[in-house]
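Have a look at the structure below, then the notes.
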Amino acid sequence: MKHLLKLADLGKADILRILNLADQLKYNQKHGFGQSGLRGKTLVMLFNKSSTRTRVSFETGMYQLGGHAVFLTGADSQIGRGESAADTARVLSRYADGIMVRTYGQDEVEQLALHSSVPVINGLTDYAHPCQVLADLMTIREHLTVLDGLKACFIGDGNNVCNSLIVGAAACGMTVTAACPEGHEPHPDAVAAAGAAFTLTRSPRQAARDADVVFTDVWASMGQEGEAAARAEAFKGFQVNAELMALAKPGAIVQHCLPAHKGEEITEEVFEAHAREIFDEAENRLHAQKAVMLLLMGDGAGA
Ligand code: CP
Ligand code: NVA
């Protein structure tokens with residue numbers, strides 16, 4: 001593992017290694033055992049889209065591991081004035097020990113990685129959100145103890161989170177059914193990577209039946225604000241509500257990467273009933289990403 005660009009680049013063993021280390025790091029953090037595996041190291045965080053969780057969890061994670069994070073936006077840097085990904089990557093590689101990037105095109109992240117001599121971590125693109133799904137898998141395992149054999153469903157837009165979910169969950173032995181309206185299916189590459197573990201349906205009820213984990217995400221992702229009204233129309237009926245949850249297994253958990261648009265993809269009632277696992281999921285971004293950074297940027301990285 002040299003970079004974390006998408007989950008299809010990782011095998012089951014890589015994912016479990018990250019999750020096991022994340023569990024250990026979470027335990028250590030909660031019990032006051034300090035970790036300093038990234039002492040003296042710097043992560044540059046490059047954001048071309050908004051963020052609350054990703055920014056704060058990466059920055060806090062670096063601090064907790066003895067390192068330092070630099071926040072940069074495209075607009076406020078020379079990237080916004082046209083400096084290429086290739087040159088940016090070569091410059092940042094001379095200062096920093098890792099680059100985390102949140103942007104639009106997956107190709108932008110791949111370009112940075114191609115020209116960077118330090119690890120590049122995808123902090124969300126239009127195509128993928130691998131760090132999110134590592135935290136989700138960690139949370140599912142915490143709540144349901146295993147991953148293998150679980151049935152997950154994703155209700156709504158076949159977006160970046162859905163793409164990463166179907167790949168990551170399939171790699172870990174889960175099956176995933178996505179209920180998406182026509183024209184909003186997950187990316188064919190993600191579907192191909194998930195293989196036989198993935199099923200697509202137009203029926204949220206069919207997807208939710210007997211599910212152990214119910215996922216959803218916003219109907220209009222960052223960059224799709226202009227389509228919000230049309231999407232609200234297309235996604236009518238693709239809501240995680242009490243009626244849908246009644247079809248899932250007793251004890252089923254809900255995962256939402258946040259931010260949530262309550263009343264759209266999820267009702268306030270279901271959100272609050274499942275707030276514990278949803279905020280565990282948000283917390284686990286910190287622990288999962290610390291594991292990723294240690295494995296990619298720590299001394300002995302790549303071992
Ligand atoms: N879930 C997630 O990535 O949140 P932010 O957009 O706040 O970083
Ligand atoms: N699908 C959402 C996830 C936000 C964390 C988006 O891309 O905006």
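Values in this text are rule-based calculations from the coordinates and carry no lab data. Given the structure is predicted, the values throughout are model-derived calculations rather than measurements. Heads up, the Cβs are rebuilt from the backbone with ideal geometry, glycines too, and the neighbour counts pull from every protein chain shown.
Given Cα pairs under 8 Å that are at least 6 residues apart, what percent is the relative contact order of segment 30-146?
23
So who's got an amide H within less than 5 Å of the one on Thr73, skipping anything under 5 residues away but keeping other chains? H placed 1.01 Å off N, in plane.
Here the answer is Phe47, since their amide H atoms fall under 5 Å of that of Thr73.
Each label point is 7 Å from the Cα along the Cα-to-Cβ direction; what then is the distance between the points at Val91 and His31, in nm?
With each label point 7 Å from Cα toward Cβ, the separation is 4.5 nm.
Under the rule that an exposed site lies in a DSSP loop and has at most 16 other Cβ atoms within 10 Å, name the longest stretch of the chain with no chymotrypsin sites (Phe, Trp or Tyr not before Pro) of that kind, not counting the sites themselves.
105-303
Which pairs, out of Lys6/Lys151; Lys2/Lys249; Lys6/Lys41; Lys30/Lys262, put more than 28 Å between their alpha-carbon atoms?
Lys2/Lys249; Lys30/Lys262
With θ set to phi - 60°, apply the Karplus curve 6.51 cos²θ - 1.76 cosθ + 1.60 along segment 240-253 and write out the HN-Hα couplings as whole Hz, x wherever there is a Gly or Pro.
Residue by residue, segment 240-253 yields 8, 10, 4, 4, 5, 4, 5, 7, 6, 5, x, x, 4, 9 Hz.
Roughly how many whole Å is it from the C-alpha centroid of segment 202-253 to that of segment 1-30?
27
Dipole of segment 146-303, Cα-centred, from +1 at each Lys and Arg C-beta and -1 at each Asp and Glu C-beta, to the nearest 20 debye?
The calculated dipole for segment 146-303 is roughly 320 debye.
Find which of Ala246, Leu200, Asn163 sits farthest along the positive direction of the dipole of segment 130-246, computed with +1 on the beta-carbon of Lys and Arg, -1 on that of Asp and Glu, about the Cα centre.
Most positive-ward Cα: Ala246.
Amide H of Gln255 versus every other amide H placed in the peptide plane: which residues, excluding those fewer than 5 positions away on the same chain, fall under 5 Å?
For Gln255, whose amide H was placed from the backbone, the distant partners under 5 Å are Val214, Phe215, Thr216.
Please report, in debye to the nearest 20, how large the charge dipole of the chain is about its Cα centre when each Lys and Arg carries +1 at its beta carbon and each Asp and Glu carries -1 there.
Roughly 800 debye for the chain.
On average over all directions, what projected area in square nanometres does the chain have, based on the convex hull of its Cα atoms?
Average projection, Cα convex hull of the chain: 14.7 nm².
Provide the per-residue ³J(HN,Hα) series for segment 86-102, in order, calculated from phi with Karplus coefficients 6.51, -1.76, 1.60 and θ = phi - 60°, each as a whole number of Hz, with x at glycine and proline positions.
Values per residue, Gly and Pro as x: 4, 6, 4, 4, 5, 6, 4, 5, 7, 9, 10, 9, x, 10, 9, 9, 10 Hz.
What FRET efficiency, computed as 1/(1 + (r/R0)^6) with R0 = 25 Å and r the Cβ-Cβ distance, is obtained for His261 and Glu185, rounded to the nearest 0.05?
Step by step, r from the Cβ atoms, then E = 0.75.
Under 8 Å for C-alpha pairs, at least 6 residues apart: give me the relative contact order for the chain, rounded to a whole percent.
21
Can you tell which of Leu144, Ala260, Ala128 lies farthest toward the positive end of the dipole of the chain, using +1 and -1 charges on the Cβ of basic and acidic side chains (Lys, Arg; Asp, Glu)?
Result: Leu144, furthest along the dipole toward the positive end.
Where Lys and Arg each count +1 and Asp and Glu each count -1, what net charge lies around Ala86 among other residues with Cβ under 13 Å from its Cβ?
Once positives and negatives cancel, what remains is -4.
Taking H placed 1.01 Å from N in the peptide plane, check which residues at least 5 places from Val240 or on another chain put their amide H under 5 Å from its amide H.
Excluding prolines and chain starts, which carry no amide H, the hits are Ile266, Thr267.
Once both axes come from the Cα atoms, what is the angle between helix 160-171 and the longest principal axis of the chain, in degrees from 0 to 90, rounded to 10?
Approximately 90 degrees, to the nearest ten.
Roughly what would the spin-label model give for Ala192 and Val56, points 7 Å off Cα along C-beta, in nm?
3.9
What are the radius of gyration and Dmax of segment 134-174, computed over its Cα atoms and given in Å?
Final numbers for Rg and Dmax: 9.9, 28 Å.
Quick check on the chain: helices-only [θ] at 222 nm, where DSSP H runs of length 4 and up contribute -39,500 (n - 2.57) each and the sum goes over total residues. Nearest 500, please.
Roughly -13000 deg cm²/dmol at 222 nm, from the helical runs in the chain.
Would you mind pulling out the separation of the Cα centroids of segment 254-303 and segment 150-181, in Å?
15
What list of ³J(HN,Hα) couplings, whole Hz, do you get for segment 136-152 from phi and the Karplus terms 6.51, -1.76, 1.60, once you set θ to phi - 60° and write x for glycine and proline?
5, 5, 4, 5, 4, 5, 4, 7, 10, 6, 9, 10, 3, x, 6, 10, 10
Just add up the charged neighbours of Thr73: K/R +1, D/E -1, any other residue whose Cβ is under 11 Å from the Cβ of Thr73.
Around Thr73, the surrounding residues sum to +2.
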